[in-house]
Structure formats: structure tokens, C-alpha cells
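Below: the structure, in C-alpha cells.
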Amino acid sequence: MAFPSSHDEHAPGRGRSEVNGSAEAPAARSAHGLSHALDRLRLTLGADLVSVSLAREKVAAWLTANTWPPANAGELVMVVSEAVSNSIEHGYRVGPDMSEHPGIVRLHARILGDGPGYRCIDMTIADDGRWIEPSHRMQPGHGLFLIRALVAELRIDGRPDGTTLSIRSRPAPVR
């Protein structure tokens, strides 16, 4: 599976986002019923707890603009919430007592055809932090377990200079 590049041309900034295309833009439909102007989403988020809700809001709006089935959309919004939270909390170790951190979280998503009448989303969520499991927990959290339960495929690429989650959604019918 090919995923979008983790390179992002935007300068780091808190809560900055870019949505490729807009609901008002005239767009041709592909063979899969996808709008060429709306089939990609790119967000650059600050490493702060507010960015989690911003990511949920932007992804939900993008899925709605692409007429994603509501039940499937709800699952993907939950996946994004967990993944962005993990990047911020584990990658950058941002907690409730921190108001700002210079790190960023990049979210890239694109819609692909997935057989006749179906489509899916390939998504990457990446940070440049150093992920460490919190030592105060006796058991690991349930975020990755939840993500795995809600998607068709999850790959985790943890490196010393950051972590990238590569996600493929479950197929959804074209509406």
C-alpha cells in the first residue's frame, strides 16, 4: 500500500491546517464517484491538546463533504482522535499542565477506490517526537487496540526521530 509522504511543506505552527479542495470548488467525479478536489486532506497540527478536537472537526467535515457513510465516518473520527492524542501525549509528552510545545503532528489522508462500489482511506499520522510508554501505567492504554479494531490495516513505524502510523480504513460504499 502506498501512503502519502510524511514531508509537509508548511512551516511549523500551532493548529495550522490545510484542507485540499473545498466543498464549494467545482470538481469532476472519478470512476469511483470521488471529487478530485476533495479526495485529499492535509493537516499540520500543533502538539497541544486542543489539536485533538481540531483534527476531529476537520476530518469529520472532510468525510461529510465526501458523503462518507455516517457509521464509517464516526469510526474514522475516533481513530484520528486516538492517533493524534497518542502523538501528542506519547511522542511529545504533552499533558494537561503544558499549554504549548514546539512539535507538530502531520495528518495526510486520501480516498482511494476499493473495488466496484467501494472506497477506502489511506491515512498517515506522523510526529517528530520520541515515543516512550509512560512508566506510571501498569498496563498499556487502549488507543492502539481501539485503532486496530476500527481499521482494515495499521502499520506503526517508530524511529528515534518520530513515529508514523499508516492506516487503511475499512471499505465503505460509494454514496
Given the conditions (1) under 20 Å from residue 172 (Cα atoms); (2) modelled with pLDDT under 95; (3) not charged (D, E, K, R), which single one is not true for residue 91? (1)
Quick check on residue 81: is it among the polar types (S, T, N, Q) and more than 30 Å from residue 38 (Cα to Cα)? no
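Conditions (1) part of a helix (DSSP H, G or I); (2) touching a Phe, Trp or Tyr at 6+ places or on another chain (Cβ under 7 Å); (3) closer than 15 Å to residue 154 by Cα, marked per residue:
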| position | (1), (2), (3) |
| --- | --- |
| 58 | yes, no, no |
| 68 | no, no, no |
| 75 | yes, no, yes |
| 78 | yes, no, yes |
| 105 | no, no, no |
| 126 | no, no, yes |
Hits in region 78-105 - residues which are crowded, with 20+ Cβ neighbours inside 10 Å, free of Cβ contacts under 8 Å to residues at least 60 places away in the same chain and of a type in the set (A, V, I, L, M, F, W, C): 80, 84, 88, 94
Could you check region 42-75 and list, in sequence order, the residues that are within 18 Å of residue 170 (Cβ to Cβ), surrounded by fewer than 22 Cβ atoms within 10 Å (Cβ to Cβ), among the polar types (S, T, N, Q) and in contact with a Leu (Cβ under 9 Å, 6 or more places away or on another chain)? 72
Take the conditions buried (at least 19 other Cβ atoms within 10 Å of the Cβ) and either among the charged types (D, E, K, R) or over 11 Å from the mean Cα position of the chain (by Cα) (or both) and apply them to residue 153. Does it pass? no
Please verify whether residue 130 is out of contact with any strand residue (DSSP E or B) (no Cβ under 6 Å at 6 or more places or on another chain), at pLDDT 95 or above, part of a loop (DSSP other than H, G, I, E, B) and surrounded by fewer than 22 Cβ atoms within 10 Å (Cβ to Cβ), treating the condition exactly as stated. no
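The values are calculated or read from the model by the stated rules, or taken from the named source; none is laboratory data. Just so it is clear, the model here is predicted, and its values are computed rather than measured. Positions of Cβ are generated from backbone atoms using ideal geometry, with glycine treated the same way; all protein chains shown enter the neighbour counts.
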